[in-house]
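A.B. asks: My questions will all concern the structure given below.
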Amino acid sequence: MVSLNYNNILKVKEGLNEKELLQYQKKFVEFHNNLNQKIKDKSGMLGWATLPYENFEVDKILKMVRQVKNKFDTLLVLGIGGSALGNIALQTALRDKFWNSMTKQQRKGYLKLYVFDNVDPDTAKSLLHHIDIKKTLINVISKAGDTAETLATFFIFYNELVKKVGKLRAKKHIIITTGPKTGFLRELVNKGYSQYDFTIPENVGGRFSVLSPVGLVSAALTGINIKKLLEGAKNIAELCKVGKDVDTKQMFGNPAFMFALINYLLYQKGKHICVMLPYSDRLYGFADWFRQLWAESLGKEKDNNGNIVNVGPTPIKALGVTDQHSQLQLYREGPNNKLIVFLSVEKFSCEIKIPKFAEEHYLCSHTLNELFKAEEKATIASLTQAKRPNMNIILPKIDEVSIGELIYMLELATAYAGELFNIDAFNQPGVVLGKNYTYALLGRKGYEVYLDELKKFM
Ligand code: PA5
């Protein structure tokens with residue numbers, strides 16, 4: 001199972017000692033109970049916590065996959081933020097790097113996947129030229145159903161679809177994933193624009209939605225075993241006793257709480273930056289996904305009592321070994337204001353030998369795997385030697401189960417961190433304000449009031 005090794009946090013002088021951690025045992029029980037209560041009475045945005053038990057819309061997704069698998073060649077996901085980053089992370093971790101270049105046979109009939117999570121006209125143009133829209137399914141994803149970026153790109157690709165296949169057939173290409181009641185996309189579902197529609201539960205927020213239809217539809221259409229993903233999530237829910245009572249002694253055995261606590265305590269000591277450093281290309285998407293989860297959840301102006309606190313750790317993504325030759329110098333010798341989190345993989349899917357060369361060379365008796373591990377160990381040692389707090393999240397291997405575990409562990413850690421920082425980890429007023437200013441600038445009715453406000457700052 002995915003685990004957390006924080007020995008080096010206790011080892012380095014600039015880290016933490018056991019006494020500091022022990023002081024939080026009572027708080028652990030209190031915070032855990034708070035979360036359980038919110039899960040039980042369905043108040044707040046903790047719907048993600050029970051997704052692994054509910055298999056929400058899973059059968060419907062798998063039925064759709066059986067129906068469309070051999071009829072289409074490509075899936076285009078249109079979404080942004082929490083409606084895209086989890087999809088990319090799953091795809092990067094669990095499909096071949098060159099998945100989209102494989103033949104249909106090599107993909108076993110599953111679809112190629114493109115995720116367009118921006119409104120850059122250059123990318124839109126490339127995608128329009130590159131994909132064969134006649135063989136493409138479009139999954140437009142937005143919880144609110146109104147997000148400008150997502151709707152704009154949807155209109156562009158829908159228009160292209162209608163031009164190529166006609167309005168009547170266009171519907172067969174559309175999957176809408178959106179909130180249950182309101183929003184423009186919900187209206188489109190009601191008006192019959194989509195062949196398939198999936199619901200994002202009201203109490204599941206965008207950045208916590210990867211194990212809902214938001215992430216599961218594209219995962220299943222590319223052949224990822226979504227039941228195993230949920231099984232992994234459940235492993236951590238059970239290990240951390242989500243929904244159940246805990247006692248103080250169980251704090252150290254709860255990797256999600258320990259991850260949150262270490263981050264929180266180090267933040268109090270001026271380590272305001274958290275670097276997520278996977279030693280795996282396949283996990284780089286997770287560093288990106290985590291960046292949003294951590295930043296949007298914990299970066300808050302006010303605490304739960306209404307005090308201005310302007311709090312929040314800054315998550316940074318880096319990649320081993322690549323960034324050893326880019327950022328490591330700063331991490332080791334620059335300001336000691338960071339916590340470095342290694343994402344370590346114990347067993348890769350293959351072993352590649354470095355072959356004999358015409359000349360004698362020390363590398364030739366090794367494998368790439370050994371080189372990768374040696375570089376990781378060397379980086380950990382060099383950071384520890386320089387008193388830089390660091391810890392590892394360890395994945396036994398990369399598969400659906402371990403990825404489900406990783407996702408749930410970090411989501412739960414975010415919820416605990418919200419309790420520790422005494423902020424609402426589930427809202428995003430800053431993002432909403434940005435959306436409202438954009439609507440005002442583009443003349444959306446009802447948003448005129450924001451125009452006057454934003455003019456003051458332009
Ligand atoms: O986590 C969040 O709530 C946000 O990042 C959203 O996912 C993002 O703003 C997109 O919102 P929506 O899915 O409503 O289009």
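A.B. asks: Can you tell which of Val58, His173, Leu90 lies farthest toward the positive end of the dipole of the stretch 49-224, using +1 and -1 charges on the Cβ of basic and acidic side chains (Lys, Arg; Asp, Glu)?
C.D. replies: Most positive-ward Cα: His173.
A.B. asks: Now for a separate question. Beyond 30 Å, what percent of the Cα pairs of the stretch 299-458 remain?
C.D. replies: Beyond 30 Å sits 44 percent of the P(r) for the stretch 299-458.
A.B. asks: With +1 on the Cβ of every Lys and Arg and -1 on the Cβ of every Asp and Glu, and nothing else charged, how large is the dipole of the chain about its Cα centre, in debye rounded to the nearest 20?
C.D. replies: I would put it at about 1180 debye.
A.B. asks: Quote the charge dipole size of the stretch 20-104 about the Cα centre in Debye, to the nearest 20; the model charges only the Cβ of Lys and Arg (+1) and of Asp and Glu (-1).
C.D. replies: Its charge dipole is roughly 300 debye.
A.B. asks: Follow-up question, since we're still on this one. For the stretch 12-87, count all C-alpha to C-alpha pairs, find those more than 19 Å apart, and express that count as a whole percent of the total.
C.D. replies: That tail contains 67 percent of the Cα-Cα pairs.
A.B. asks: In Å, what is the Rg of the alpha-carbon atoms in the chain, and how long is Dmax?
C.D. replies: For the chain, the Cα-based Rg and Dmax read 23.0, 73 Å.
A.B. asks: Arrange the peptides 69-76, 320-327 so that the one whose residues have, on average, the most other Cβ atoms within 10 Å appears first.
C.D. replies: The peptides rank, most packed first, as 69-76, 320-327.
A.B. asks: Counting other Cβ atoms within 10 Å of each Cβ, which GluC sites (Glu not before Pro) in the stretch 159-206 have at most 16 and sit in a DSSP loop?
C.D. replies: In loop regions of the stretch 159-206 (DSSP not H, G, I, E or B), the sparsely surrounded GluC sites (Glu not before Pro) are Glu202.
A.B. asks: How far is the Cα center of the stretch 44-84 from the Cα center of the stretch 400-458, in Å?
C.D. replies: Between the Cα centre of the stretch 44-84 and that of the stretch 400-458, the gap is 22 Å.
A.B. asks: Mind ranking 355-368, 425-438, 442-455, 396-409 by how tightly packed they are, going by the mean number of other C-beta atoms within 10 angstrom, highest first?
C.D. replies: 396-409, 425-438, 442-455, 355-368
A.B. asks: Only Cα pairs under 8 Å and at least 6 apart count here; give the relative contact order of the chain as a rounded whole percent.
C.D. replies: 23 percent
A.B. asks: To the nearest 500 deg cm²/dmol, what mean residue ellipticity at 222 nm is calculated for the chain from DSSP H runs of n ≥ 4 alone, each contributing -39,500 (n - 2.57), summed and divided by the residues?
C.D. replies: -14000 deg cm²/dmol
A.B. asks: Can you give the % of DSSP beta bridges in the chain that are antiparallel, to the nearest 5?
C.D. replies: Antiparallel: roughly 15 percent of the beta bridges in the chain.
A.B. asks: To continue, here is another question. Under 5 Å between amide H atoms, partner at least 5 residues away or on a different chain: which partners does Ile354 have, H built in plane at 1.01 Å?
C.D. replies: Those qualifying (amide H under 5 Å, at least 5 residues apart or on another chain) are His366, Thr367, Leu368.
A.B. asks: Right, something else. Using unit Cβ charges (K, R positive; D, E negative) and no other charged atoms, how large, in debye to the nearest 20, is the dipole of the stretch 279-419 about its Cα centre?
C.D. replies: That gives a dipole near 340 debye.
A.B. asks: Report the Cα centroid-to-centroid distance between the stretch 176-200 and the stretch 1-29 in angstrom, as an integer.
C.D. replies: A separation of 45 Å, based on Cα centres.
A.B. asks: Something else now. Could you tell me which helices of the chain pass both thresholds, a Cα extent of 24 Å or more along their own axis and a mean Kyte-Doolittle hydropathy of at least 0.5, with helices taken as whole DSSP H runs?
C.D. replies: 148-165, 400-421
A.B. asks: Past the 27 angstrom mark, what percentage of all C-alpha to C-alpha distances in the stretch 49-224 do you count?
C.D. replies: Here the long-distance tail beyond 27 Å is 17 percent of all Cα pairs in the stretch 49-224.
A.B. asks: Just going by the charge dipole of the chain, with Lys and Arg at +1 and Asp and Glu at -1 on Cβ, which of Gln329, Asn36, Val401 is farthest out on the positive end?
C.D. replies: So the residue furthest toward the plus end is Val401.
A.B. asks: Of Asn310, Thr379, His366, which is farthest along the charge dipole of the chain in the positive direction, counting Lys and Arg as +1 and Asp and Glu as -1 at C-beta?
C.D. replies: The residue sitting most towards the positive pole is His366.
A.B. asks: Hey, got the Cα dimensions of the stretch 247-344 along the principal axes, in Å, largest first?
C.D. replies: Between the extreme Cα coordinates on each principal axis of the stretch 247-344 lie 44, 32, 25 Å.
A.B. asks: Between the stretch 249-320 and the stretch 88-136, what is the C-alpha centre distance in whole Å?
C.D. replies: With the stretch 249-320 and the stretch 88-136 each reduced to a Cα centre, they are spaced 30 Å.
Rule-based calculations on the coordinates, nothing more; no lab input. It should be emphasised that the depicted structure is a prediction, and the values quoted were computed from it without experimental measurement. Using ideal geometry, Cβ is built from the backbone for each residue, glycine included, and neighbour counts are taken over all protein chains shown.
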